[in-house]
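Heads up: the structure comes next, in C-alpha cells.
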Amino acid sequence: MSVQRIVSLAPSITEILFALGLEPRIVGVTEICDYPPAARRKPKVGDYQISPEKVVALKPDLVVAHEVLNVRVIPVLKRLGLRVLHANPNRFEKLYAFIRAIGTATGAARAATQLVNAMQARVARVRRQTPKRRPSALFVISVEPLWAAGRDTFADEMMTLAGARNALASAFSGFKAVSLETALGGAPEVILLAGPKADAVLGHPRWQRTPAVRNRRVYELNPDWVLRESPRSVNGLEQIAECVRRGT
C-alpha cells in the first residue's frame, strides 16, 4: 500500500517533502516549518518538542524524522507502532541518500533522483570554481555566547567545498560554545555568520585582531540555507563560496 499520510518532524524534512511534490500527502508538520509558505497551513504536531499524541491523532502511514532534532521522540513513535524514517543528513552524501530514501518510501523515486542530480550538478560547479589559495574561515551561529562550527558538521563540509579551511576544524567536532580566545587564535580570514549580524563582530574591539575584521570580510549568511539540511543547502554552499571568493 502506498504512503498517503506523511508527518514531518523538522523544517528541513518538510522542505524535502515539498521539493519531491508530496505536499498533498503531508498531514502534519512542526510549528517551525515555514518553507515553502504553504507549509504553515498544515496541522502542527509541536515545535522543537514533538507531541506523540498529536502525531498519532493524524493517523500517518509514514513519519519522517531527524535523528538529532527528534532523538527523544523517535523511539516513542516506534513503540506506538508508527513507521518512522529517520536520518542525520549532516553531509551532502547523507542528504542525497536521505532524499532518495524518502523518494523510495513514498513512490517518488524518480523525483528524488532528479532532485539529487540537480543538486550534485550545482555542487560540482562550486567545486570547479574554488580559489587556489584556501583562506581560513570561522562559521558562527551565535556571538553572545560564542558558538561556532568544528569538524564533522555540514558547515565544515560547505566551507571545504567552497574552498576555505575551517579555522576550528582541529579544535573540536560539532557545534560548540568556544572562548573568544579560541576563535581569535584561528586567525580567520573570513567570518561567516549564520544568524548574527555583522555589526556584532565588526564593532567589537577584540575582533579587530582577526584578518577578517581588519579586511572587512565578515558576511551574513541565510541561516535557513546553511543550517537546514534540505535542497536549499546548495544555495547555502553557493553563498559561502561567493563569500570565500571575495575573501581571497
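Odds and ends about this structure:
- Annotation: the antiparallel percentage among DSSP beta bridges lying fully within the chain is about 25.
- Result for the chain in a Gaussian network model with C-alpha springs under 10 Å: among R228, R217, R209, the largest mean-square fluctuation is at R209.
- Note that the chain presents 46 Å² accessible area per residue, ligands and nucleic acids not counted, probe 1.4 Å.
- Integer Hz, Karplus 6.51/-1.76/1.60 couplings in order for the stretch 30-39, x for Gly and Pro: 9, 4, 9, 7, 10, 9, x, x, 4, 5
- Remark: the Cα gyration tensor places the stretch 88-170 in the oblate category, a/c being 1.5 or greater and a/b not exceeding b/c.
- Charge dipole (the stretch 1-117, unit charges on Cβ, about Cα centre) - positive-most of V3, T113, G28: V3
- FRET E, pair S51, N215, Förster distance 51 Å, beta-carbon r, rounded to 0.05: 0.55
- For q = 0.11, 0.12, 0.18 Å⁻¹, Debye-computed log10 I/I(0) when each Cα of the stretch 106-248 counts as one equal scatterer: -0.39, -0.46, -0.96
- Under the criterion of Cα pairs below 8 Å and six or more residues apart, the relative contact order for the stretch 91-204 equals 26 percent.
- Couplings for the stretch 195-210, taken from phi via the Karplus curve 6.51 cos²θ - 1.76 cosθ + 1.60 with θ = phi - 60°, read x, x, 8, 4, 4, 5, 9, 4, x, 9, x, 5, 5, 4, 6, 8 Hz in order; Gly and Pro are left as x.
- Extension gain for the segment Q120 to R245, taken as residue separation times 0.36 nm less the Cα-Cα distance, is 43.0 nm to one decimal.
- What you get for the stretch 1-74, charging only the Cβ of Lys and Arg (+1) and of Asp and Glu (-1), is a dipole of about 240 debye around the Cα centre.
- Each of the peptides 194-203, 166-175 was scored by the mean count of other Cβ atoms within 10 Å over its residues; in descending order, highest first, they stand as 166-175, 194-203.
- The chain, relative contact order [Cα under 8 Å, separation at least 6], %: 16 percent
- Highest GNM mean-square fluctuation among P43, P145, P11, for the chain modelled with Cα contacts below 10 Å: P145.
- Amide H partners (placed H, <5 Å) of N166, local residues excluded: A137
- Computed from the Cβ-Cβ distance with R0 of 30 Å, the FRET efficiency linking K59 to T104 stands at 0.85.
- Annotation: extensible slack from T113 through N88 equals 7.1 nm (criterion: 0.36 nm per residue apart, minus Cα-Cα distance).
- Where a label projected 7 Å from the Cα of E144 along Cα→Cβ would reach, residues of the stretch 181-213 with amide N under 15 Å: 196-207
The values are calculated or read from the model by the stated rules, or taken from the named source; none is laboratory data. This one's a predicted model, so the numbers in the text were calculated from it and none came from an experiment. Using ideal geometry, Cβ is built from the backbone for each residue, glycine included, and neighbour counts are taken over all protein chains shown. In case anyone asks, the SASA skips ligands and DNA or RNA and just uses the protein heavy atoms, side chains included. Shrake-Rupley method; radii C 1.70, N 1.55, O 1.52, S 1.80 Å.
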